[in-house]
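Everything below concerns the one structure shown next.
Please treat every number below as a calculation from the coordinates, not as lab data. Every value quoted in this text rests on a predicted model; they were computed, and no experiment measured them. Every residue, glycine as well, gets a Cβ built from its backbone with ideal geometry; the counts of neighbours run over all protein chains shown.
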Amino acid sequence: MGDDIAFASATELLRRYRDKSLSPVAVAEETLRRLETFEGAVNAFVLYDPDSALAMARESEARWAKGAPLGILDGVPVAIKDTQLTRGWPRRVGSLTIEADQDWPEDAPSTARLRAAGAVFFGKTTTPEFGWKPVTDSPLTGITRNPWDLARTPGGSSGGSAVAVLCGICPLAVGTDAGGSIRIPAAFSGVFGLKPTFGKVAMYPPSAFGDVSHGGPMTRTVADAALMLDAMKGPDPRDWFSLPDDGIAYRERVREGSLRGKRVALSPTLGYHEPAPAVRAAVEGAARVFAELGAIVEPADPFAESPWPIFQVLAGVGMWSLLRAMPPEKVPLMDPGLVALCRSGEAITQVQFADAISRRIALGVALNRFFERYDLILSPTMPITAAFAEPRGDGSPDATNWADWLTYTWAFNLTKNPSASIPCGESAGLPIGLMVTGRLHDDLGVLQACHAYEEAAGAAWPSPALAAHLAAIAGRPDAAVRAKITPPQR
């Protein structure tokens, strides 16, 4: 029953709770067992709370016994990224500068909504310090590793969340994305991740990256992402960017969409960067599936040049603000790469900042005009498969030279469009991600397109190839895992 539970979708778990063929307690127990089995190899969690998880699962089981579930996720295990406040648990954000031993009385907006929906919380996933880079390692937790190949990174900054979903520890995990931090690990790990339209999921505390930071779901199936988005979306007074609830029941409508007649732009380079040949081939193959489903697919690039200089200036200013607020005695505790990035923002002039804002506005307007001709853009999520988690010394893409391979995702943070990564193939045993981007506020169109592609491509969980990798890295609970146990929530 282990894999049957572990790789069941959240939608399937809820169906089985309803017909009483499965218990939230049994699912929570399997979640905890798998976390202890794989955590020693992958290092995806910073905090682990089995007592609270089982208590929440028992409460859920009692509600289901009465036929009165609390909400749309009642009894479903959800991993929380450690950028998010969670009542009773520390929020360390991958940093040694934040003390765990203090009161943590507040939930972030998405955490509060997931709690209200009945989700079972069992732990918090790893992130690079303050979510600053597209790989997941930090001074606090060390290196998080990719189950497909432990020498590789799962990507970042939501790498721990991607690994939790990939290992079958849980069906749902919270991600955040200021420059690709949901979609990069989704692509490198072979799961689904959605960066919704900016503001659809309220964010608090605010990110140092400012108004390019989004929150969203990471799952194995598109239907589960739609379900999780329903639970997460909506305004919060602590986030003055947050949008009113759109009133769409994504979980009910995700299967309704058809690609017939949809105008789809195929852009393997986004207009400025050539991907690896295997990545291009996989993306073009996915585009053929869209065409077979009735979409009108044609080559078209949304950008004429890389928007990276715009992102670099805006991110640099935000990260400099982060460093300025840090007590000087704590700066030596920080990731040296993060400190260097923060200090680079100090040299940015007012003229450069104002120019970047103007160019960002022009970029967003130009993309809106592009979407007058097209409904969707298909492109690679990443130009490569998963980079190495540590330096190789041979020029291979790795965790230190990420500026060379972080090329596509952040463009749609600047423009705020909904953008997802869905698996579309593999190369040398490593997943390849297809990025599907829609016009502003058309999150439903992105989800429906991804669901139609998923159905046509025949993605299946569990994956026999993944099962072999997981069997090879399975281990007994060790001291490192037990050290992450936190006392029950206060």
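Rounded to the nearest 5, what % of DSSP beta bridges with both residues in the stretch 168-269 are antiparallel? Working shown, then result.
On the way: 9 of 10 bridges.
Around 90 percent antiparallel, to the nearest 5.
Given the chain, what percent of its DSSP beta bridges are antiparallel, to the nearest 5? Could you put the intermediate results ahead of the total?
On the way: 33 of 49 bridges.
So the antiparallel bridges amount to about 65 percent of the total.
Report the gain in length on full extension from Ala471 to Glu455: 0.36 nm times residue separation, minus Cα-Cα distance, nm rounded to one decimal.
Values: separation 16, 0.36 × 16 = 5.76 nm, distance 2.73 nm.
This chain segment gains 3.0 nm when fully extended.
Give the shape of the stretch 413-488 as rounded, prolate or oblate, defined through the alpha-carbon gyration tensor: a ≥ b ≥ c are the square roots of its eigenvalues, a/c under 1.5 means rounded, and otherwise the shape is prolate if a/b is larger than b/c and oblate if not. Oblate shape, in that a/c is at least 1.5 and b/c is the bigger or equal ratio. Each Lys and Arg contributes +1 and each Asp and Glu -1, all at the Cβ; summed about the Cα centre of the stretch 117-177, the dipole is approximately 60 debye.
Given a Förster radius of 51 Å and the C-beta distance between Glu99 and Thr349 as r, what FRET efficiency does 1/(1 + (r/R0)^6) yield to the nearest 0.05? The computed FRET efficiency comes out at 0.90. Legend: translational diffusion of the stretch 368-415 by Stokes-Einstein, Rh = Kirkwood radius over C-alpha pairs, 37 °C, 0.692 mPa s; D = 254 µm²/s. Would you please classify the overall shape of the stretch 303-405 from the alpha carbon gyration tensor, given that a ≥ b ≥ c denote the square roots of the eigenvalues, rounded means a/c under 1.5, and beyond that prolate means a/b larger than b/c while oblate covers the rest? In terms of gyration-tensor shape, oblate. Partners of Lys124 within straight-line reach, counting lysines whose Cα lies under 23 Å from its Cα and excluding those fewer than 8 residues away in the same chain: Lys81, Lys133, Lys195, Lys200, Lys233, Lys484.
Per 0.36 nm of contour for each residue apart, how much would the distance between Glu298 and Asp246 grow if the chain were fully extended, relative to their Cα-Cα spacing? Please list the in-between numbers first.
Numbers: separation 52, 0.36 × 52 = 18.72 nm, distance 3.08 nm.
Net length gain for the segment: 15.6 nm.
Are there GluC sites (Glu not before Pro) in the stretch 317-383 that DSSP marks as loop and that have at most 16 other Cβ atoms within 10 Å, and which are they?
Working: sites: Glu329, Glu346, Glu372; in loops: Glu372.
Passing sites in the stretch 317-383 are Glu372.
Taking Lys and Arg as +1 and Asp and Glu as -1, the other residues whose beta-carbon sits under 15 Å from that of Phe38 total 0. Report note on the peptides 89-100, 460-471, 387-398, 444-455: ranked by the mean count of other C-beta atoms within 10 Å, highest first, their order is 444-455, 89-100, 387-398, 460-471. Defining a contact as two alpha carbons under 8 Å apart and six or more residues distant in sequence, what relative contact order in percent does the chain show? Taking the mean separation of contacting Cα pairs over the length of the chain, I get 19 percent.
Checking every one of the chymotrypsin sites (Phe, Trp or Tyr not before Pro) in the stretch 61-139 against DSSP loop status and a limit of 13 other Cβ atoms within 10 Å picks out no site at all.
Could you calculate, for the stretch 184-283, the ratio of the Cα radius of gyration to the Kirkwood radius, expressed as Rg to Rh?
Numbers: Rg = 16.1 Å, Rh = 15.9 Å.
Ratio of gyration radius to Kirkwood radius for the stretch 184-283: 1.02.
Model label sites at Arg253 and Lys20, defined 7 Å from Cα along the beta-carbon direction, differ in position by 3.6 nm. When each of the peptides 430-439, 303-312, 136-145, 215-224 is scored by how many other beta carbons lie within 10 Å of its residues on average, the order from highest to lowest is 215-224, 430-439, 136-145, 303-312.
Using only side-chain charges placed at the Cβ, +1 for Lys and Arg and -1 for Asp and Glu, the dipole size of the chain relative to its Cα centre rounds to 560 debye.
In terms of overall dimensions, the stretch 123-246 has a Cα radius of gyration and Dmax of 13.7, 43 angstrom.
So, with +1 on the Cβ of K and R and -1 on the Cβ of D and E, and no other charges, what is the size of the charge dipole of the stretch 309-393 about its Cα centre, to the nearest 20 debye?
140 debye
With a ≥ b ≥ c the root eigenvalues of the C-alpha gyration tensor of the chain, is it rounded (a/c under 1.5), prolate (a/b larger than b/c) or oblate? Cα axes put the chain in the rounded bin.
Any idea what the relative contact order of the stretch 406-464 is, in percent, if you count C-alpha pairs under 8 Å spaced at least 6 apart?
This gives 26 percent for the stretch 406-464.
Helix screen, the chain: DSSP H segments with Cα axial length of 27 Å or more and mean Kyte-Doolittle hydropathy at least 0.0 are 350-370.
Restricting the calculation to Cα atoms, the stretch 1-82 yields a radius of gyration followed by a Dmax of 12.8, 40 Å. Here is the tail figure for the stretch 101-176: Cα pairs spaced more than 15 Å apart come to 60 percent of all pairs.
Across all Cα atoms of the stretch 233-300, the radius of gyration (one decimal) and Dmax (whole number) stand at 17.4, 46 Å. Taking the average, over residues, of other Cβ atoms within 10 Å as the packing measure, peptides 107-116, 244-253 rank 107-116, 244-253 from highest down.
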